[in-house]
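Here the structure comes first, spelled out in structure tokens, and everything after it is commentary.
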Amino acid sequence: MSQRQVLQVFEQYQKARTGFVQTVAELASRPQNIETLQNAGVMSLLRPLLLDIVPTIQQTAALALGRLANYNDDLAEAVVKGDILPQLVYSLAEQNRFYKKAAAFVLRAVAKHSPQLAQSVVDCGALDALVICLEEFDPGVKESAAWALGYIARHNAELAQAVVDAGAVPLLVLCIQEPELSLKRIAASALSDICKHSPELAQTVVDAGAIAHLAQMILNPDAKLKRQVFSALSQISKHSVDLAEMVVEAEIFPAVLTCLKDPDEYVKKNVATLIREIAKHTPELAQLIVNAGGVAAVVDYVGESKGNIRLPGIMMLGYIGRHTPEHAKAVAVANVLPKLLQCYLRADASEDLQTKSKKALKNILQKCVHLPALEPLLHDAPPNILKHVVGQFSKVLPHDSKARRLFVTSAGLKKIQEIKAEPGSALAEYINTINNCYPEEIVKYYSPGYSDTLLERVEQYQPSK
Amino acid sequence: MAAMVRLLEETDPIVEEVYRRKNEAEEARQLEYLSTVKIQAWYRGEKTRAYMSHLNKCALIIQRHWRGYLGRGLTRILVKNSVMIMKINFYNKKATYIQKMWRGYYVRKYVFNYYSRKRYLEALQIKNEIVRSELEEYAEMQEQERRRKAEKVEKERREVLARRNHYLISTEVIPGVFNSPFLPYPTDTEYLLRSVKPLLHEKKKKTDKPFDPTCRSYDLPKPKLLPPLPTKPQGPFREPEDVQNQRYKPFQPSLRVATSFTSLEEARKQMKNEEWVTRLNDNVFEPFSRRDSRYEPLLHTRSEYGHLPYGFRYFREEFPDRRVTQQWFPASAGNGGRITT
């Protein structure tokens, strides 16, 4: 019948459309095809399919667009220029959850490349629609919306402020409490991106009660979640003393120190960053961390990890040591100096690592009078560090006889004699001061080449008959 | 008498002497007078001087005594002051000593206590060691957990593999691959194969996954095709108009559905509009605004002559012509000549 034939034509067309859009989506998932797709003008073909009647085609078209925009920023620009975003935002409010997920994916893919693209996403009014998505029941929709908001807020402070003004923060805090792990991760990462720009934003997030929930998730076994949680807490605490104190009041110590032994190295790095941000503000906070045994844990972490991962640990030790002499002493008794020296001297250490470890060493050395901790450094240190070490010795030895005795027996005096210093330099003065603490014979005994002179004397001695 | 003569002889020289002496005296009188005056002056001067000096001495004595008195008073004050200063210095020194001892004690005990600091550092070292050992224990425990989990996963994997390759087991007649006849005993894979059940190959059911356009799944679900057109012969068809009427029957909502949600508000609004148009009296009724005007009761109820029992004793006039007499009355009184009461 003619009716059936007419219906068959429509059916074929629909099959063709679905097949096209699905294949394009699948091809777009492989990077090598995307250039070809772009040259074939896929954007202009996908755009009308977004308005298709059949919901499956709409969703697949949105997914394909999202994958294309995800690949590089030219395609994302093309998506923006093609006026696709307002249509997506409009239908975000109306369609079913699969479409919402796909549309949020496209927004995220566009916003992630650059601040200008994120701004154009915000200008289309996407923020309100995304915040409405955050109120949905389906966790997948919430996750995509939170991810998109996180990418938008990541670029700069104005965009983060726009996200906060749209009322996203309380909803994100609610999302963190949801049972799904992936949703928690994404919400924590979005909060971290919001907080990192300025103290007011961090204060807004804290006022929404985020700290308590983030603190609860510290002992979660999932590694990626812990990464995001610690990153969020450290972004909050880095801005001001009050925020750092609020983070500390959430009773994260000493539970946080157990996460320094996590097998995932980024978790450890983020924990060290968090401790560093807390320690740098005031001596009281640094004292708190020291009293909780944080220094020992961080020293172990610095000793075990490699490369730039341990940078936050080194900075943290430098910050603590810089506050007051007591802190420097507390740090020094934790056997940190040899490890720091090692970090400084490693051949494959980056510039950043070397400068930071040198600064930390200097800060701690200048206040450290705990001699047993300094002795290992005498043997290995390079000249510029050695100067400080010897300086510290020269301050303590004239006053303490027991320390002098210990210094001799531990071969420190011998080492001092072996140092070649230019006369008139500070190092030579320190060496002189130390030598003046001891009787001459001992100094001569330990000076290099003394055994040879003795032997020469033995050779030249004529026994008296 | 001889003496008398002699005396008389001597009178002339005596008179001459007298006159001579008198002349001499006369000549010397001025001189003597001046000398006498001088002597007297000197004497008087001496007397006065002696008196003056006496007076001076007296004055000096008085002054001396007075000055001594004053000076002694002043000295007393000076001595008192210096004694007081000495005492104050003494007390100051003692107070300084006390303060010194106290400050040293206080600082050494409360502000910077060397020994407690030393103890703190030692305790800190111990605490650090404790923390270190605890962390290591924790790390070890986690490590063991993970290893156990990994082992479990591994074991399950091997079991599944064994179940799938169960056909490699050796039979009575043919020794399998893992049961070589040249070995004294079979390998443990053989034992594993013997211990597991074979896997039944069930037909995998095609699950209709719902469409999930997140970026994670790479294989998309197949879309649902339209159902095939039916081929069996269709029965007798109704008239198209009947079918259309039935299909597009107008909606007959119940009263409850048909009233809008805001019907109450609209009705109120309409009432208000009507009032607005038709109402004449704009005076708002204020309750309790006539409190100060006295209540004026009706004569009907308050009169002492009673009132008609109509209205509360009986409500229906049973004899409506009771008060109407048949007596004729002149027409000028009105009422058409009837008398009513």
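Read-outs throughout are calculated quantities, based only on the coordinates presented, and are distinct from any laboratory measurement. Fair warning: this is a prediction, and the values are worked out from it, not measured in the lab. Methodologically, a virtual Cβ is constructed for each residue, glycine included, from the backbone with ideal geometry; neighbour enumeration extends over all protein chains shown.
Springs join every pair of Cα atoms under 10 Å in this Gaussian network model of chain B, and among B:Tyr69, B:Tyr310, B:Tyr110 the largest mean-square fluctuation is at B:Tyr310. For B:Lys93, the lysines whose Cα comes closer than 26 Å to its Cα, not counting residues fewer than 8 places off in the same chain, are B:Lys80, B:Lys109.
For the pair region B:229-247 and region A:26-75, the centres of their Cα atoms are 43 angstrom apart. What is the calculated FRET efficiency for B:Thr75 to B:Lys47, with r their C-beta to C-beta distance and R₀ = 41 Å, to the nearest 0.05? Calculated value: 0.50. The alpha carbons of the protein assembly as shown give a radius of gyration and a Dmax of 59.9, 240 Å, in that order. Stretching A:Arg30 away from A:Ala250 to a fully extended chain increases their span by 74.7 nm, per 0.36 nm per residue minus the current alpha-carbon distance. Over all other residues within a Cβ to Cβ distance under 12 Å of B:Ala41, the charged ones net out to +3, with Lys and Arg as +1 and Asp and Glu as -1. Counting only residues at least eight positions apart within a chain, or on another chain, the lysines with an alpha carbon under 25 Å from that of B:Lys203 are B:Lys222, B:Lys224.
Cross-linked pairs A:Lys306/B:Lys127; A:Lys359/B:Lys127; A:Lys414/B:Lys127; A:Lys238/B:Lys118; A:Lys329/A:Lys402; A:Lys387/A:Lys444: Cα-Cα separations exceed 24 Å for A:Lys306/B:Lys127; A:Lys359/B:Lys127; A:Lys414/B:Lys127; A:Lys238/B:Lys118. Using 1/(1 + (r/R0)^6) with R0 = 45 angstrom and r between the beta carbons of B:Thr171 and A:Lys306, what's the FRET efficiency to the nearest 0.05? Taking R0 as 45 Å, the efficiency between B:Thr171 and A:Lys306 is 0.25. Per-residue extension of 0.36 nm, minus the Cα-Cα distance of B:Met101 and B:Glu275, leaves a gain of 53.0 nm for this segment. Helical runs assigned H by DSSP (4 residues or longer) give the protein assembly as shown a calculated mean residue ellipticity at 222 nm of -22000 deg cm²/dmol, each run adding -39500 (n - 2.57) before division by the residue total. Once you order the gyration tensor axes a ≥ b ≥ c over the Cα atoms, which shape class does region A:151-254 get: rounded for a/c under 1.5, otherwise prolate or oblate by comparing a/b with b/c? Oblate. Sort region A:316-426 into rounded, prolate or oblate with this rule: let a ≥ b ≥ c be the square roots of the eigenvalues of the Cα gyration tensor; rounded if a/c is under 1.5, and if a/c is not under 1.5, prolate when a/b is larger than b/c, oblate otherwise. It is oblate, given that a/c is not under 1.5 and a/b is not larger than b/c.
Classify chain B as rounded, prolate or oblate from the Cα gyration tensor: take a ≥ b ≥ c as the square roots of its eigenvalues, call it rounded if a/c is under 1.5, otherwise prolate when a/b beats b/c and oblate if not.
Values: a/c = 6.19, a/b = 1.70, b/c = 3.63.
Oblate, since a/c reaches 1.5 and b/c is not below a/b.
Connecting C-alpha atoms closer than 10 Å in a GNM of chain B, tell me which of B:Arg148, B:Arg313, B:Arg20 has the biggest fluctuation. It is B:Arg313. Legend: residue pairs A:Lys339/A:Lys420; A:Lys196/B:Lys149; A:Lys15/A:Lys101; A:Lys358/A:Lys415, Cα-Cα distance threshold 31 Å; pairs beyond threshold, A:Lys196/B:Lys149. Taking springs between alpha-carbon atoms closer than 10 angstrom, which of B:Asn273, B:Asn179, B:Asn113 fluctuates most in the Gaussian network model of chain B? Fluctuation is largest for B:Asn273. Put a dot 7 Å past the Cα of A:Lys395, heading toward its Cβ, do the same for B:Ile130, and the two dots end up 3.1 nm apart.
By the Stokes-Einstein formula, at 0.890 mPa s and 25 °C, chain A with its Kirkwood radius over alpha-carbon pairs has D equal to 92 µm²/s.
Counting only alpha carbon atoms, the long axis of helix A:311-323 and the longest principal axis of chain A meet at about 50°.
Take each residue in A:95-102, count the other chain C-beta atoms within 10 Å of its C-beta, and the mean is 3.
Label sites at B:Val15 and B:His65, each approximated as a point 7 angstrom past Cα along Cα to Cβ, lie 7.0 nm apart. Between helix A:351-367 and chain A, what is the angle of the helix's C-alpha long axis to the longest principal axis, kept within 0 to 90° and rounded to the nearest 10? Orientation of helix A:351-367: about 50 degrees from the principal axis. Using 0.36 nm per residue and subtracting the Cα-Cα separation, the extra length available between B:Glu154 and B:Met84 on full extension is 15.3 nm. Under the convention that each Lys and Arg Cβ holds +1 and each Asp and Glu Cβ holds -1, the size of the dipole of region A:409-465 around its Cα centre is about 160 debye. In summary, the lysines within cross-link reach of B:Lys57, defined as a Cα separation below 19 angstrom excluding same-chain residues under 8 places away, comprise B:Lys47. Computed on chain B, with alpha-carbon pairs under 8 angstrom and 6+ residues apart, the relative contact order is 5 percent.
Label-to-label distance for B:Gln40 and B:Ser293 is 14.0 nm, based on points extended 7 Å past Cα in the beta-carbon direction.
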